[in-house]
Amino acid sequence: MKRYAQIVSTGRYVPEHEMSNDMLRKRFDLIVPDFIDKMEAGSGIKSRFYAPDDWATSDVALPAARQALERAGRKPEDVDLIILGTDSPDYITPATSVVLQHKLGAKNAGTFDVGCACASFPTGLDLAAGMIVANPSIRTILVVGVYLMHKLASADDPMIFFYGDGAGAAVVEPSDEPGFISSAFLADGSYHRSWGIYSGGTFEPATAKSVEAGRTQVRMVDRYPPEINHNGWPRIVRTLAKNGGFAVSDIDMAIFTQVRRPSIELVMGELGIPLEKTHTVMEKWGYTGSACVGMAFDDAVQQKKIKPGNLVVFVGSGVGYNQAGSAFRVGKL
């Protein structure tokens, strides 16, 4: 019997402490007048939530991981592999996935991190499906996307407007019927110096001078042209369709990186897909980076906007510049 891979459950975590746009206006309006108003109009983001100050990224991932496992009827010791995607890790090394494995109590699981920013969750799903199909010994894979970037940003940087904390998770297991359909990847490394944390690695090891200058914190150095997503997302979706042998019009739900609602609306129009076949969460949770695709997927599932048999495509894009897509025919969630 042929071995397939299917998403069997989802989970998410949204912290309790809200940082609304009105709260940010009090901080920034005298410094950069109308900046928050412009960012809200351009993105659709109205609020975001922060984890406790003493939490690390693995702590944010933990509740989402537990929820996904509970919904799948699995225990931590049932997990064979943890794939964790983030660009706000606990440490440069060791991997955040191994810290999560310890905190979760997944004593039988191997782990690795995926570090392609907001493309990490679709990439994780693609990797999990490939592992399931190619390795009969692997049964339960936990995929987690998690973000705690506000902790790596300066509180005085207006770009903190975007950063919300959170985690999204999914359990992927073998199935008798096709679940995973296709994957797609794009990248343009010429943008690698545009947005990131540029001191603390081997390019520029952290020094007292670099810390004082703020170079160990996340910074936007050059603006990304919106066309990267406006052109890249349709290309990813069409590649998924071509590779998977389906028509774009067959898609029941398209989940995109949750950074600008107008971009999603534009791309849906370009693809000829009705807007009711996408789902957004940035307006209530902010831009949750590596977590946002998984969080939006879980929210759509919980709102019953995704039904068994639906064709769902996931498209993520993030700094670097990385883009990735994954297509699944989902079962009962």
For T239, state whether it is of a type in the set (V, I, T), outside any helix (DSSP H, G or I) and surrounded by 14 or more Cβ atoms within 10 Å (Cβ to Cβ). no
Are any of the residues in segment 150-160 modelled with pLDDT under 95, surrounded by fewer than 20 Cβ atoms within 10 Å (Cβ to Cβ) and either aromatic (F, W, Y) or within 20 Å of the chain's Cα centre (by Cα) (or both)? yes
Answer yes or no: is there a residue in segment 19-37 that is surrounded by 19 or more Cβ atoms within 10 Å (Cβ to Cβ), in contact with a Leu (Cβ under 9 Å, 6 or more places away or on another chain) and touching a residue at least 12 places away in the same chain (Cβ under 8 Å). yes
Would you confirm whether or not segment 95-103 contains a residue that is within 20 Å of I7 (Cα to Cα), under 18 Å from the mean Cα position of the chain (by Cα) and buried (at least 20 other Cβ atoms within 10 Å of the Cβ)? yes
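With more than 20 Å from the chain's Cα centre (by Cα) and among the basic types (K, R) as the only criterion, which of R235, R219, R223 stands out?
R223
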Tell me the strands (runs of 3 or more DSSP E) entirely within segment 38-152 that contain at least 2 residues that are touching a Cys at 6+ places or on another chain (Cβ under 9 Å) and touching a residue at least 12 places away in the same chain (Cβ under 8 Å). 141-147
Where residues in segment 243-265 are over 20 Å from the mean Cα position of the chain (by Cα), without any contact (Cβ under 8 Å) to a residue 40 or more places away in the chain and assigned to a helix (DSSP H, G or I), which of them is surrounded by the fewest Cβ atoms within 10 Å (Cβ to Cβ)? S249
Please state which one of G11, G44 is on the phi > 0 side of the Ramachandran plot, modelled with pLDDT of 95 or more and either surrounded by 21 or more Cβ atoms within 10 Å (Cβ to Cβ) or not acidic (D, E) (or both). G44
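The values are calculated or read from the model by the stated rules, or taken from the named source; none is laboratory data. Keep in mind that what you see is a predicted model, and the values were worked out from it rather than measured. Neighbour counts are summed over all protein chains in view; Cβ atoms, including those assigned to glycine, are modelled from backbone coordinates with ideal geometry.
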